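Asks: Structure below; questions to follow.
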Amino acid sequence: MSMKLGARRAAAAAAALAAVTSGFGAMAAERIVKVYNWSDYIDESILEDFTKETGIKVQYDVFDSNEILETKLLAGKTGYDVVVPSGNFLSRQIQAGVFQKLDKSKLSNLSNMWPVINERVAIYDPGNVYAIDYMWGTTGIGFNEAKIKERMPDAPVGSLDMLLKPEVVAKFKDCGIHVLDAPEEIIPIGMKYLGLDPNSNDPEDIKKSAAAWEAVRPNIQKFHSSEYINALANGDICLVLGWSGDILQARDRADEAKNGQVISYRIPKEGTQMWLDMMAIPKDAKNVAEAHEFLNYIMRPEVIAKASNFTNYANGNLASQQHLNKELFEDTTVYPDEATLQNLFVKKPYDSKTQRIVTRAWTKIVSGK
Ligand code: N2P
């Protein structure tokens, strides 16, 4: 009898406790931040550490093209709290009114940022009002050392001739060539190769670049912006016009797999695009406080250094440089020297008319018709 009573009491106490805890749960809504970033662009332990420290869950989704992100942003209601467009895209998205101003009083780590990079991105976001730089890099030549050498012992691996000179690129067709599916990079790079101003909006100049790409089109197996990392690492392709850090990740994956594939990256000697990827908060973000906490966390020197050490991309955080792996910081394909920097161009945003011309030219190149 007393046993029964005791049990009943215990059950009642447990029920009361459960009611209290679930009441608590309902009151203190779970904190979350929804992040939409490029694929292969973070060390995921950073997200886990952020959650452990702040209790804020991270919903992390990925994309591999500015156009995909832009379509979502312009349609509105992305459902994201942090997004990462490249500077030239950010610029016209700011014009379109899709972002909210950052609350700098919540971003104490802004002082860690690198003035040189802040200045560069100010052409997209005057006064650095809407965004912080996450990473930056170049678009260049990734290749498999042995496969290229076998086919052309004196291959001009540091030149865009590798992709744009018909008699050169044809030599590598059989071992597999990928090119980024990124019209606003690949068309301007063709213009730079031809000695034209990559920022020219003259339809004739765009046409000339498109013709150069069409001439080599039959050699290109695929236009894609993320598959090449594994394809290069596994030896399934031998040449790519891709993003610096992604190609260096392919090198690391091959090294780790000990599969004998040696992958290298070159910034083309003709010059190429330097792009800067920016973190911003959409106007209709639901979790604005959490988004600021996330940005502030990312701007911690050790955190962003960990991200760079994993992705092999340079970042816009000066204080992080002492935490970078020495080889990464000293790699001039990642942190270019002055002379190389001089040869890189940044893309200004297209006006909508030119953008349409570029998109149309691109569809034609990709379809190969
Ligand atoms: C990461 C690619 C980001 C560089 N995979 C393109 N802006």
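The values are calculated or read from the model by the stated rules, or taken from the named source; none is laboratory data. Predicted model only: the values in this text are computed from it and were never measured. Every residue, glycine as well, gets a Cβ built from its backbone with ideal geometry; the counts of neighbours run over all protein chains shown. Quick note on the areas: whole protein, heavy atoms, side chains included, nothing else; ligands and nucleic acids left out. Shrake-Rupley method; radii C 1.70, N 1.55, O 1.52, S 1.80 Å.
Asks: With the requirement that a residue be part of a helix (DSSP H, G or I), surrounded by fewer than 16 Cβ atoms within 10 Å (Cβ to Cβ) and modelled with pLDDT of 95 or more, what does the range 327-344 give you?
Replies: Scanning the range 327-344 gives Glu327, Glu330.
Asks: Kindly list, by first and then second residue, each pair from a residue in the range 28-43 that is away from the ligand (no atom under 16 Å from the Cβ) to a residue that is open to solvent by less than 10 Å² (accessible area, probe 1.4 Å), limited to pairs with Cβ atoms under 7 Å and residues at least 6 apart or on different chains.
Replies: Sorted first by the residue in the range 28-43, then by its partner, the pairs are Arg31/Ile56; Ile32/Ile56; Val33/Ile56; Val33/Asp81; Val33/Val82; Val33/Ala291; Val33/Phe294; Lys34/Asp81.
Asks: What is the number of the single condition among (1) part of a loop (DSSP other than H, G, I, E, B); (2) closer than 16 Å to Leu180 by Cβ; (3) of a type in the set (Asp, Glu) that Asp197 does not meet?
Replies: (2)
Asks: Right, another one. What's the number of the condition Phe329 fails, among (1) without any contact (Cβ under 8 Å) to a residue 12 or more places away in the chain; (2) among the hydrophobic types (A, V, I, L, M, F, W, C); (3) touching a Cys at 6+ places or on another chain (Cβ under 7 Å)?
Replies: It is condition (3) that Phe329 fails.
Asks: Restricting the search to the range 271-286, which residues are open to solvent by less than 40 Å² (accessible area, probe 1.4 Å), away from the ligand (no atom under 14 Å from the Cβ) and in contact with a Lys or Arg (Cβ under 7 Å, 6 or more places away or on another chain)?
Replies: The answer is Gly271, and nothing else.
Asks: Return yes when Lys347 is under 27 Å from Phe223 (Cα atoms), exposed (fewer than 14 other Cβ atoms within 10 Å of the Cβ) and of a type in the set (Lys, Arg) and no when it is not.
Replies: Answer is no for this residue.
Asks: Something else now. State whether the residues of the range 131-151 include one that is part of a loop (DSSP other than H, G, I, E, B), in contact (Cβ under 8 Å) with a residue 12 or more places away in the chain and surrounded by fewer than 24 Cβ atoms within 10 Å (Cβ to Cβ).
Replies: no
Asks: Right, something else. Can you tell me which residue within the range 44-63, out of those that are within 14 Å of the ligand (Cβ to nearest atom) and open to solvent by 30 Å² or more (accessible area, probe 1.4 Å), is nearest to Asn312 (Cα to Cα)?
Replies: For the range 44-63, the residue satisfying everything is Glu44.
Asks: While we're here: Looking at (1) more than 23 Å from Trp38 (Cβ to Cβ); (2) in contact (Cβ under 8 Å) with a residue 40 or more places away in the chain; (3) out of contact with any Pro (no Cβ under 6 Å at 6 or more places or on another chain), which one does Leu160 not meet, given that it meets all the others?
Replies: Among (1) more than 23 Å from Trp38 (Cβ to Cβ); (2) in contact (Cβ under 8 Å) with a residue 40 or more places away in the chain; (3) out of contact with any Pro (no Cβ under 6 Å at 6 or more places or on another chain), Leu160 violates only (3).
Asks: Then there is this: Tell me which residues, restricted to the range 223-246, are more than 13 Å from the ligand (Cβ to nearest atom), open to solvent by 10 Å² or more (accessible area, probe 1.4 Å) and within 22 Å of Lys149 (Cα to Cα).
Replies: Ala231, Asn234, Gly235, Asp236
Asks: Could you tell me whether Lys72 is in the same structural domain as Lys283 (by TED's automatic domain parsing), in contact with a Ser or Thr (Cβ under 7 Å, 6 or more places away or on another chain) and open to solvent by 50 Å² or more (accessible area, probe 1.4 Å)?
Replies: yes
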